[in-house]
Amino acid sequence: MLKPNLSEAKKRTNKEVLTKSFEYTKLDNLKELGSGKKYFIRTYGCQMNEHDTENIKAILENMSYVETDNYEEANLIILNTCAIRENVHNKVFGMLGRIKNLKENKDDVIAAVCGCMAQEEVVVNEILEKYNYLDLVFGTHNIHNLPRLLEKAVSKKEIEIEVISGEGSVLENLPVKRDSKFKAWVNVMLGCDKFCTYCIVPYTRGKQRSRNKDNIISEIKQLVEEGYSEVTLLGQNVNAYGKDLEGNYGLSNLLNDVAKTKIKRIRFVTSHPWDFTDDMIATIKSNDNIMPYIHLPVQSGSTKILKSMGRMYSKEEYMTLFNKIKSNINNVTITTDIIVGFPGETEEDFKETIDLVETCKFDSAFTFAFSARVGTPASKMKETVSDETKKRRLNELNEVVNKYAKIANDKYLGKTVSVLLEKESNKEGFLSGYTDTMKLVNVKASEEMLGQIVYVYINDVKTWSLNGEIRS
Ligand code: SAH
Ligand code: SF4
Ligand code: F3S
């Protein structure tokens, strides 16, 4: 049993980051382990978590497991969890209750928890105490060991726990079963060293480590060959790409090189304002295949709260960057993340956040109530905002955010925009996709048009989506 360890997870050293390659040969004697069996996997977290699920699916299918979307008929259930806020914990523990019922009524069910919650010492202790009917817990640093761990879990009665709390390595060559045939996630940077005081990610994902650029470029070249039109470069703090490598090669250089692969659309998330350079603005501006869409989390409009969050910029510095991006990149969309109810946030601080939203008029924003995470510095701060006040502030903020989301969308009425048609819409006979600026568009089109980039004339505007018709 290897349990997570918070103090190990907090450590940062200058030790060299190892790059490991997934060894398919290790699978050889396990290729039939899942023969005749079905797996169910549920994903609770961010894009990186979703991408991990794509790797897990491919590993399982290489072991002959077949996917099902009904957990009740699965022989293997995996919950790929997220630790960012308490409400995800509640959902996961609720699901564990249902799995208990299932296991009581059905033999031959293996249940596993992985992802960021598995990296939390408190969670694993709770699992051992109350949910020890589970078969397997594994972390974010050892997905590649899944075949061996499953073999153990299948043959043994007690719960198998393997969670590594180190700084992490870089894994190359993991198999992947991508959700989409048209757009793909590509990890460029793993972990995070920013240690924002509220955030658990640096403890669940290890230290900031960049993938070698040649590996990234060859993955993207292969995606182009396979017919993919869009890549999203992923990192918790993607702008810091390369800072942990030798030389001066950063995200701006990487974006330039990715642009040369001729992939039609390039996106990247998430940008921390601290590392957003002028070079990046110039690169986005000069490459038509880098999309004019930037997710730039601000978190708060109060410099006092930003300081306490450890964000390393003031409200004014954020505004300066925001304006620079807006005035330099034609037609750019900027979205953000905001937390309300951080310890010490007064009505005045909250008003500054509202004022910032009124000034920036974001195209949209993800808004959250502060949730104390064990092990983070903010969890030791005195909570000064009641749940009721957090809820009220969140509602007030959402009203302003929604107002500007609608105003931003209104500007599209009567315009023609390019859209990558990526999936069937909820409405029969309609497909949906996103504009270069990340606006969701629904359009009447036949299934054969999936994967195409088409021009759409927008004739109807909602707060969160646009409707239109194809113009050839
Ligand atoms: N790496 C990204 C954020 C990842 S988490 C970045 O730095 O921008 C996504 C969002 O969740 C954060 O931007 C923040 O707004 C929110 N969040 C993170 N920790 C939180 C917490 N403890 N309580 C509430 N919201 C939180
Ligand atoms: Fe968390 Fe901050 Fe790192 Fe984003 S930059 S993952 S909010 S610590
Ligand atoms: Fe959640 Fe882990 Fe992503 S905590 S937001 S799944 S990095």
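Residue-wise test of (1) at negative phi; (2) assigned by TED's automatic domain parsing to the domain that holds residue 147; (3) basic (Lys, Arg).
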position: 20; (1), (2), (3): yes, yes, yes
position: 36; (1), (2), (3): no, yes, no
position: 39; (1), (2), (3): yes, yes, no
position: 46; (1), (2), (3): yes, yes, no
position: 50; (1), (2), (3): yes, yes, no
position: 56; (1), (2), (3): yes, yes, no
position: 60; (1), (2), (3): yes, yes, no
position: 77; (1), (2), (3): yes, yes, no
position: 82; (1), (2), (3): yes, yes, no
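A count restricted to the range 368-411 and to residues that are within 16 Å of ligand 2 (Cβ to nearest atom) and within 16 Å of residue 300 (Cα to Cα) stands at 5.
So in the range 370-389, with the set limited to residues that are open to solvent by 70 Å² or more (accessible area, probe 1.4 Å) and within 16 Å of ligand 1 (Cβ to nearest atom), which one is nearest to residue 228 (Cα to Cα)?
374
Restricting attention to the range 180-218, the residues being surrounded by fewer than 20 Cβ atoms within 10 Å (Cβ to Cβ), assigned to a helix (DSSP H, G or I) and in contact (Cβ under 8 Å) with a residue 12 or more places away in the chain number 3. Hey, does the range 359-366 have a residue that's within 22 Å of the chain's Cα centre (by Cα) and among the small types (Gly, Ala, Ser)? Yes, the range 359-366 has at least one match. What are the residues in the range 152-163 that are open to solvent by 60 Å² or more (accessible area, probe 1.4 Å) and either in a loop (DSSP other than H, G, I, E, B) or not aliphatic (A, V, I, L, M) (or both), if any? Correct list: 152, 155, 156, 157, 158. For the range 30-60, the set of residues classified as of a type in the set (Asp, Glu) and open to solvent by 20 Å² or more (accessible area, probe 1.4 Å) consists of 32, 50, listed by residue number.
Of all residues in the range 438-455, those satisfying the criterion of being within 23 Å of residue 404 (Cα to Cα) and surrounded by 19 or more Cβ atoms within 10 Å (Cβ to Cβ) are 439, 441, 442. Take the conditions under 25 Å from residue 128 (Cβ atoms), touching a Gly at 6+ places or on another chain (Cβ under 6 Å) and more than 16 Å from ligand 2 (Cβ to nearest atom) and apply them to residue 80. Does it pass? Yes; evaluated as a whole, the condition is true for this residue. Residue 74 falls short on exactly one of the conditions (1) touching a Ser or Thr at 6+ places or on another chain (Cβ under 6 Å); (2) small (Gly, Ala, Ser); (3) over 25 Å from residue 131 (Cα atoms), and that condition is (3). Just one of the numbered conditions (1) more than 27 Å from the chain's Cα centre (by Cα); (2) within 30 Å of residue 346 (Cβ to Cβ); (3) among the aliphatic types (A, V, I, L, M) is not true of residue 458: (2). Those residues that are open to solvent by 30 Å² or more (accessible area, probe 1.4 Å) and out of contact with any Phe, Trp or Tyr (no Cβ under 9 Å at 6 or more places or on another chain), I need them from the range 390-405; list them, please. Residues satisfying the conditions are 391, 392, 395, 398, 399, 403. If the Cβ limit is 9 Å and pairs must be 6+ apart or interchain, which residue in the range 358-377 that is not assigned by TED's automatic domain parsing to the domain that holds residue 440 pairs with which residue that is within 12 Å of ligand 2 (Cβ to nearest atom) and among the small types (Gly, Ala, Ser)? Pairs that qualify, where the first residue is not assigned by TED's automatic domain parsing to the domain that holds residue 440 and the partner is within 12 Å of ligand 2 (Cβ to nearest atom) and among the small types (Gly, Ala, Ser), are 370/378; 372/378; 373/83; 377/310.
For residue 42, the conditions (1) assigned to a strand (DSSP E or B); (2) within 14 Å of ligand 3 (Cβ to nearest atom); (3) under 24 Å from residue 5 (Cβ atoms) are fulfilled apart from (3). Here residue 253 fulfils each of the conditions (1) assigned to a loop (DSSP other than H, G, I, E, B); (2) more than 16 Å from ligand 2 (Cβ to nearest atom) apart from (1). Restricting attention to the range 344-357 and to residues that are open to solvent by 10 Å² or more (accessible area, probe 1.4 Å) and not charged (D, E, K, R), the residue that is nearest to residue 403 (Cα to Cα) turns out to be 354.
Evaluating residue 337 against the criteria (1) open to solvent by 20 Å² or more (accessible area, probe 1.4 Å); (2) over 20 Å from residue 194 (Cα atoms); (3) under 25 Å from the mean Cα position of the chain (by Cα) leaves one unmet condition, (2).
Pairs linking a residue in the range 120-131 that is within 21 Å of residue 202 (Cα to Cα) to a residue that is surrounded by fewer than 19 Cβ atoms within 10 Å (Cβ to Cβ) and basic (Lys, Arg), with Cβ atoms under 6 Å and 6 or more positions apart or on different chains, are 124/3. Residue pairs whose Cβ atoms lie under 9 Å apart, sitting 6 or more positions apart in sequence or on different chains, and linking a residue in the range 57-84 that is among the acidic types (Asp, Glu) to a partner that is open to solvent by 40 Å² or more (accessible area, probe 1.4 Å) and in a helix (DSSP H, G or I), are 67/61; 72/98.
Any idea which of (1) within 16 Å of ligand 2 (Cβ to nearest atom); (2) more than 17 Å from the chain's Cα centre (by Cα) is the one residue 199 doesn't satisfy? Unmet for residue 199, out of (1) within 16 Å of ligand 2 (Cβ to nearest atom); (2) more than 17 Å from the chain's Cα centre (by Cα): (2).
Do we find that residue 224 is aliphatic (A, V, I, L, M), buried (at least 22 other Cβ atoms within 10 Å of the Cβ) and either over 15 Å from the mean Cα position of the chain (by Cα) or outside the structural domain of residue 434 (by TED's automatic domain parsing) (or both) in this structure? The answer is no for residue 224.
Within the range 219-239, the residues that satisfy the criterion of being assigned to a strand (DSSP E or B) and closer than 22 Å to residue 275 by Cβ are 231, 232, 233, 234.
The values are calculated or read from the model by the stated rules, or taken from the named source; none is laboratory data. All values reported here derive from a predicted model rather than from experimental measurement. Reconstructed Cβ throughout: ideal geometry from the backbone, glycine too, with neighbour counts over all protein chains shown. For accessibility, only protein heavy atoms count, side chains too; no ligands or nucleic acids. Shrake-Rupley method; radii C 1.70, N 1.55, O 1.52, S 1.80 Å.
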